[in-house]
Amino acid sequence: MGLRVGLTGGIGAGKSAVSSRLAARGAVVIDSDVLAREVVARGTDGLAEVVAAFGPGVLTADGELDRPALGKIVFGDETARKKLEAIIHPRVRARAAEIEAGAAADAIVVHDIPLLVETGQADKFDLVLVVDVPVDVQVERLTTQRGMPDEEAKRRIASQASRDERLAVADVVVGNAGSLADLDRRVDEVWATLKDRQGHGPDTKR
C-alpha cells in the first residue's frame, strides 16, 4: 500500500535538503517548484494565459517567462498574486496527479509543496512533514547563503505561513538547525516512520 506525504517548510528551512535525502532512500518526490516552472514553459498554454493576464512585458526577448518582471507585478499585490496562482496551481496539481498515478502502487510519494499550509492542502495527505528551524536561522541562511538583504529576508519569511501555523499541521517535524550529519540521522528516523506508516495504511493519520 502506498503512502502520500506532504512536505513543507519555510524559506531557508532546508526543505530541498530533506526531499533529496528522502528521494535517495527510495521516495518518489514530486517537486511543486519544478512543476510550477514546467507549466509556464515556452509554448505552454499556461504561459499563454499568464501573458493574457499580465501583458507581453512578462516575456523575455526569446519568449520565455521573465520571472523577475512577473515578480515585480505580483509581489505585494494580493489580487495579482491570486490571479497568477489561479493559472499555475491547478496545472501543477494536475501534473502532480499524473506523476503520482505513474508511481508504483506501494510507493512512498512525497509532494514537496512550499505553500502547502497557505493553500490549505494539509488534509489531502496521509502524513505531513514539516521542516522546521527558528526564524533567526532562516534569516541567517537567506542573508549568507542567498545574499538577500536582511529586510528582504524578513519580508519573504513574513509573506509565508508562520512557524506556528506550519507546526500546527505537522504529523512529523524535521528539525534542521543543526549539522548535515544531524539531518541525515533525522531523515533516517523519518524514513523508518514512513515505512512503518506505509505498512499500516493511511487510516493511521494523526
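In this model, which of Lys83/Lys124; Lys154/Lys195; Lys72/Lys124; Lys124/Lys195; Lys82/Lys195 are farther than 27 Å apart at the alpha-carbon?
On the way: Lys83/Lys124 23 Å; Lys154/Lys195 37 Å; Lys72/Lys124 32 Å; Lys124/Lys195 19 Å; Lys82/Lys195 37 Å.
As for pairs spanning more than 27 Å Cα to Cα, those are Lys154/Lys195; Lys72/Lys124; Lys82/Lys195.
Highest mean first, how do 92-98, 127-133 rank when packing is the count of other Cβ atoms within 10 Å averaged over residues? Mind dumping the intermediate values first?
Numbers: 92-98: 15.7, 127-133: 24.0.
The most tightly packed comes first, giving 127-133, 92-98.
For Leu59, enumerate residues with amide H under 5 Å from its amide H, sequence gap 5+ or separate chain, H modeled in the peptide plane.
Asp66
Counting alpha carbon pairs within less than 8 Å and at least 6 residues apart, what relative contact order, in whole percent, applies to the chain?
On the way: 284 pairs, mean separation 74.5, N = 206.
Computed over the chain, the figure is 36 percent.
Can you work out the FRET efficiency for the pair Lys154 and Val34, with r the C-beta to C-beta distance and R0 = 25 Å, to the nearest 0.05?
Details: r = 27 Å, r/R0 = 1.07.
Efficiency computed from Cβ-Cβ geometry: 0.40.
Report the FRET efficiency, 1/(1 + (r/R0)^6), for Ala86 and Gln145, where r is their Cβ-Cβ distance and R0 is 22 Å, rounded to 0.05. Walk me through the numbers before you get to the answer.
On the way: r = 32 Å, r/R0 = 1.45.
Approximately 0.10, to the nearest 0.05.
Quick check on the chain: take the gyration tensor over C-alpha atoms, sort the square-rooted eigenvalues as a ≥ b ≥ c, and tell me if it's rounded (a/c under 1.5), prolate or oblate.
Values: a/c = 2.05, a/b = 1.34, b/c = 1.53.
Oblate shape, in that a/c is at least 1.5 and b/c is the bigger or equal ratio.
Ordering His89, His111 by accessible area with a probe of 1.4 Å, largest first, what comes out?
Working: His89 45, His111 15 Å².
My answer, sorted largest first, is His89, His111.
Once R0 is set to 35 Å, what does the formula 1/(1 + (r/R0)^6) return for the Cβ-Cβ distance between Ser16 and Thr44, expressed as a FRET efficiency to the nearest 0.05? All intermediate terms of the calculation are to be shown ahead of the outcome.
Values: r = 24 Å, r/R0 = 0.69.
For R0 = 35 Å, the calculated efficiency reads 0.90.
Relative to the longest principal axis of the C-alpha atoms of the chain, give the angle of the C-alpha long axis of helix 180-200, reported between 0 and 90° and rounded to the nearest 10°.
Result, in degrees: 70.
Using amide H atoms built 1.01 Å from N in the peptide plane, name the residues 5+ places from His111, or on other chains, whose amide H lies under 5 Å from its own.
Long-range HN contacts for His111: Val5, Gly6, Leu7, Ile30.
Would segment 114-206 count as rounded, prolate or oblate if I go by the C-alpha gyration tensor, calling it rounded below 1.5 in a/c and otherwise prolate when a/b exceeds b/c, oblate otherwise?
oblate
How much length is gained on full extension from Ala53 to Asp66, taking 0.36 nm per residue of separation minus their Cα-Cα distance? Walk me through the numbers before you get to the answer.
On the way: separation 13, 0.36 × 13 = 4.68 nm, distance 1.41 nm.
Taking Ala53 through Asp66 to full extension adds about 3.3 nm, to one decimal.
What are the principal axis extents of the Cα atoms in segment 24-113, in Å, biggest first?
Largest first, segment 24-113 extends 45, 27, 21 Å along its Cα principal axes.
The values are calculated or read from the model by the stated rules, or taken from the named source; none is laboratory data. Computed from a predicted structure; not experimentally measured. We place every Cβ from the backbone using ideal geometry, glycine too, and count neighbours over all the protein chains shown. Accessible surface is based on the protein model in full, side chains and every heavy atom, while ligands, DNA and RNA are left aside. Shrake-Rupley method; radii C 1.70, N 1.55, O 1.52, S 1.80 Å.
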